[in-house]
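Below you'll find the structure, written out as structure tokens, and then a few comments.
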Amino acid sequence: MRTLFENEIQLIKARLDRCLIAYQELYDELLDHYISALEQAPEEDFLQKKEELDDAFSWSVIKRMEKDLQNMAWKEFTKAALSSFQIWKLGWTKLVTLLLVSTVAFFAFKFVGPEYFYTMALAGIGLTLMAILYFHREEFRFSFSINPWKHRPKKVLQTTVTLSFVFVFNLINLFAQLIPLLLESSPYQQFTPIVFLILGSLLIAMTLTIYQSINLKTLKLIKP
């Protein structure tokens, strides 16, 4: 067993960079695997062994590994999210927060109307997502360049959870804009308040899910 030279490590990193690996965890795992395997090979066999590793971890294999890692992260988050709504396991702080949000939502819908209720829910989830993006602005420095030297792998939980919620947030808001227009001047116009109630409740549920299952500053799961 030997210690790799710096130029050999840079060759490994250059190859991994060209693969545009999405997640930091996978990048680190592959880098460690390459180094461990190549340290077992004689110096004169370095290039041949590296080519074998490159073939073993082809583009398609890496993309499949990314998908598996993403699925695992989503399953972990789903488990934490479901556990976060087991009220008997919540601490007093979260119980009070849940009660307060429910009370405000009730009065908002009853006294100021469904549209203000929806707007309040929209502001809540919007501020939560903005907080995540602010605390992790360095990690979420997106680039559309295909230059591997400008590509930065991101942590799988941050990427999976945040982008999923941003997608759902935009989708719900799109429904809130389109459905009332479709119902306007139709026999079903009276269902517009119910639409805002349902969509607003979904946004509030999303906000509480994030708040109760994720640490916004570290974006690590809060274990039940």
Notebook entry, point to check: So which residue, out of Glu115, Glu76, Glu52, gets the largest mean-square fluctuation from a GNM of the chain using Cα contacts under 10 Å as springs?
Noted result: Glu52
Margin query: Using a Förster radius of 35 Å, what is the FRET efficiency between Arg64 and Thr103 based on their Cβ-Cβ separation? Nearest 0.05, please.
Written below: 0.15
Note to self: Over the chain, what is the relative contact order in percent, taking alpha-carbon pairs closer than 8 angstrom and at least six residues apart?
What the structure shows: 30
Next item on the list: Give the residue from Leu171, Leu30, Leu100 lying farthest towards the positive end of the charge dipole for the chain; charges sit on Cβ (+1 for Lys and Arg, -1 for Asp and Glu) and the dipole is referred to the Cα centre.
Entry: Leu100
Notebook entry, point to check: Karplus couplings for the range 2-7 from phi (6.51 cos²θ - 1.76 cosθ + 1.60, θ = phi - 60°), rounded to Hz, Gly and Pro as x?
Noted result: 10, 9, 5, 6, 4, 5
Notebook entry, point to check: Label-point separation (nm) for Thr93 and Arg152, each offset 7 Å from Cα along Cα-to-Cβ?
Noted result: 2.9
Notebook entry, point to check: For the range 6-57, what is the convex hull volume of its Cα atoms per residue in Å³?
Noted result: 70
Check: Using unit Cβ charges (K, R positive; D, E negative) and no other charged atoms, how large, in debye to the nearest 20, is the dipole of the chain about its Cα centre?
Finding: 1080
Item checked: Residue pairs, from the table Lys49/Lys154; Lys49/Lys220; Lys67/Lys220; Lys13/Lys67; Lys79/Lys154; Lys50/Lys220, whose Cα atoms sit over 31 Å apart -> Lys49/Lys220; Lys50/Lys220
Checklist line | Principal-axis tilt of helix 46-56 within the chain, Cα atoms, nearest 10 degrees | finding: 30
Notebook entry, point to check: On the accessible surface of the chain, probed at 1.4 Å, how many percent belong to carbon and sulfur atoms?
Noted result: 65
Next item on the list: Would you work out which of Gln10, Gln40, Ile204 lies farthest towards the positive end of the dipole of the chain, given +1 charges on the beta-carbon of Lys and Arg and -1 on that of Asp and Glu, about the Cα centre?
Entry: Ile204
Notebook entry, point to check: With the other protein chains left in place, how much accessible area per residue, in square angstrom, belongs to the chain at a 1.4 angstrom probe?
Noted result: 62
Next item on the list: Counting helices only, and only those DSSP H runs with n ≥ 4, report the 222 nm mean residue ellipticity of the chain as the sum of -39,500 (n - 2.57) divided by its residues, in deg cm²/dmol to the nearest 500.
Entry: -23500 deg cm²/dmol
Check: So what's the chain giving for Rg/Rh, alpha carbon basis, Kirkwood Rh from the mean inverse pair distance?
Finding: 1.14
Checklist line | Difference of contour (0.36 nm per residue) and Cα-Cα distance, Asn7 to Asn173 | finding: 54.7 nm
Notebook entry, point to check: Gln190 to Glu39: extension gain in nm, 0.36 nm per residue of separation minus the Cα-Cα distance?
Noted result: 47.2 nm
Next item on the list: Using only Cα atoms, tell me the angle between helix 59-84 and the longest principal axis of the chain; keep it within 0 to 90° and round to the nearest 10.
Entry: 40
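The values are calculated or read from the model by the stated rules, or taken from the named source; none is laboratory data. Keep in mind that this is a model prediction, so the values were computed, not measured. Quick reminder, even Gly has a Cβ in these numbers, built from the backbone with ideal geometry, and neighbours come from all protein chains shown. These accessible areas exclude ligands, DNA and RNA; they are computed on the full protein's heavy atoms, side chains included. Shrake-Rupley method; radii C 1.70, N 1.55, O 1.52, S 1.80 Å.
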